[in-house]
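Enquirer: Encoded as structure tokens, here's the structure I'll be asking about.
The values are calculated or read from the model by the stated rules, or taken from the named source; none is laboratory data. Here the structure is a predicted model, which means the values were calculated and not measured. Cβ: placed from backbone, ideal geometry, glycine included. Neighbour counts: every protein chain shown. Quick note on the areas: whole protein, heavy atoms, side chains included, nothing else; ligands and nucleic acids left out. Shrake-Rupley method; radii C 1.70, N 1.55, O 1.52, S 1.80 Å.
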Amino acid sequence: ELIMEFERERLQNLGCKVEALCMRHISKLRVNAGYDIDSFDGVNPSLNYDRFIEIKGSRNSKLIFFWSDNEIRIAKELGERYWIYFQGGIKTQTKKGKNKPLLFQNPIKTILEDPTFKKRPQGVIVEKNIEGEHTPFE
């Protein structure tokens, strides 16, 4: 909600009142969209979404988050239209952020290709075809 509020205010400050009303929290409708918010860069008379925002956040002010393979794939497809908004210093009691969000346009370039960001793999996908095998639970 912090980022929805921030984005709505950003659009209103640009004079995009209709666009601010038409933003949507797409991840509530499609969990595999690869981002969280459909929005607009600015005035958009056709109301075709052209800013796709992945929300990341932390109670800590340190910039650290998990970025899934699906999110990265969608970011590659959308290029300059894909953004990550990172909200650090979230206070859970007040549901407010200590700092303003950090905005990263085209994070494939601005994050993954930037050597000043530390990146490390996280987790393992385990897969095995068990059809026809006896399992210890039978």
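Enquirer: Can you work out ³J(HN,Hα) from phi for every residue in region 33-47, in order, using Karplus 6.51 cos²θ - 1.76 cosθ + 1.60 and θ = phi - 60°, giving whole Hz and x for Gly and Pro?
Expert: Using θ = phi - 60°, the values come out as 4, x, 7, 10, 10, 8, 8, 9, 6, x, 4, 8, x, 7, 6 Hz.
Enquirer: Once you've got the GNM for the chain with C-alpha springs shorter than 10 Å, pick whichever of Tyr35, Tyr49, Tyr82 has the biggest mean-square fluctuation.
Expert: Maximum among the listed residues: Tyr49.
Enquirer: Can I ask one more? Which of these, Pro121, Pro45, Pro107, has the largest mean-square fluctuation under a Gaussian network model of the chain (Cα springs below 10 Å)?
Expert: Sorting by GNM fluctuation, first place goes to Pro121.
Enquirer: Pull up the DSSP beta bridges for region 1-96 and report the antiparallel fraction as a percent, rounded to 5.
Expert: If I count the DSSP bridges inside region 1-96, around 45 percent turn out antiparallel.
Enquirer: OK, next. According to a simple spin-label model (label point 7 Å from Cα along Cα-to-Cβ), what is the distance in nm between Glu113 and Gln12?
Expert: Once both label points are built, they end up 3.6 nm from each other.
Enquirer: Sticking with this one: Say we join alpha carbon atoms closer than 10 Å with springs in a Gaussian network model of the chain; which of Glu19, Glu127, Glu80 then has the biggest fluctuation?
Expert: Glu127
Enquirer: I'd like the distance separating the alpha-carbon centroids of region 1-52 and region 79-138, in whole Å.
Expert: About 21 Å separates the Cα centre of region 1-52 from the one of region 79-138.
Enquirer: Could you look at the chain and say what percent of its accessible area is carbon and sulfur, using a 1.4 Å probe and all protein chains?
Expert: Ligands and nucleic acids excluded, carbon and sulfur reach 53 percent.
Enquirer: Starting at 0 and stepping by 5 Å, how many percent of the alpha carbon pairs of region 68-132 end up in each bin?
Expert: 4, 13, 16, 18, 15, 14, 9, 5, 4, 2, 1
Enquirer: Relative to the longest principal axis of the C-alpha atoms of the chain, give the angle of the C-alpha long axis of helix 69-78, reported between 0 and 90° and rounded to the nearest 10°.
Expert: In the chain, helix 69-78 runs at an angle near 40 degrees to the longest axis.
Enquirer: What spacing in nm lies between the two simple spin-label points modelled at Ile130 and Met4, each 7 Å away from Cα in the Cβ direction?
Expert: 3.8 nm
Enquirer: Same structure, new question: What accessible area per residue, rounded to a whole number of Å², is obtained for the chain using a probe radius of 1.4 Å?
Expert: That works out to 70 Å² per residue.
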